[in-house]
Amino acid sequence: MFSPSMLASFGFSCNKSTAHICNACQLGKHTRLPFTPSVSVTYFPFQLLHADVWTSPIASVSGFQFYLVILDDYSHYVWTFPLRHKSDVTPTLLSFHSYVCTQFQRPIVALQTDNGREFDNHALRTFLASHGVSLRFSCPYTSQQNGKAERILRTLNDGVRMLLFHSAVPPVFWAEALATMTYLLNRRPCTSTGTTTPHQLLLGAPPDYTLLRVFGCACYPNLTATTTNKLSPRTTRCIFFGYLPDHHGYRCYDPTTRRVFTSRHVVFDELSFPFRATVTPTPQSPPASSHDPASVVVANPLQVQN
């Protein structure tokens, strides 16, 4: 039993109103400190970029296992880059830096990432330091400090799953769905940008919505230029797999030959999805006559319901 003096001294030493640090309490009850909302504000594109890498549970049909996402803090414009290896992150960031300097004539001021080795390495540190780019890391096991990158990953992955489920496209085509979801995100308003789209904030012009089509629907690209003779079919039934950044056209996948056609002249059937399985109803057997003992029907065990 504790004596009154011992309890009094213990209560005094562990009194919350007293400024002190109790070693036993810290060892037994230590918790993470609360996070406060970020108050940082950016005033122009590429003042701050957020980056992260996502690992896919399955490899894509093109052999991609990861993708790198880059989010501009000012415009909320997003770029995604499918990767085969995590070691491809550094060369991809170097190429992206050249792309920004050439296409936008703006410097990248700061890059915010987690402390993964794909970002925290000598090659990337040296390159960014030579160009005056500030490299910021979140603390280990503290993904909340890289919150914008984590949230855009969730938004992208949610959209990829919806595109695949709606069209019944197999998961191995997640990279194609990712490119389409990235295209759509940059052309729709969001909470952070109000009524202005990221496309307009970054590029200065509203997006063109007339090109939008339903991902995974049936489509018919014009193949007249590649037919063998004048009596050959002028098209084939394909599947719409998104848009191209370097062409003013559409990507059409032929599931029979596994070829991808790039064409501007495409007819879409947005109510038909070739990857959706066609369910054929099972014919029902006629009921057996109760007066004929030879006509005994054995029920299909798959149709029996408890």
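Things worth noting here:
- Whole-angstrom gap from the stretch 251-268 to the stretch 170-203, using each part's C-alpha centre: 22 Å
- Neighbours of HIS85 by Cβ distance under 15 Å: Lys/Arg scored +1, Asp/Glu scored -1, total +1.
- Cβ-based net charge around ASN222, under 11 Å, with every Lys or Arg adding one and every Asp or Glu removing one: +2
Values quoted throughout were computed directly from the atomic coordinates according to the rules given, and no laboratory measurement underlies them. It should be emphasised that the depicted structure is a prediction, and the values quoted were computed from it without experimental measurement. Quick reminder, even Gly has a Cβ in these numbers, built from the backbone with ideal geometry, and neighbours come from all protein chains shown.
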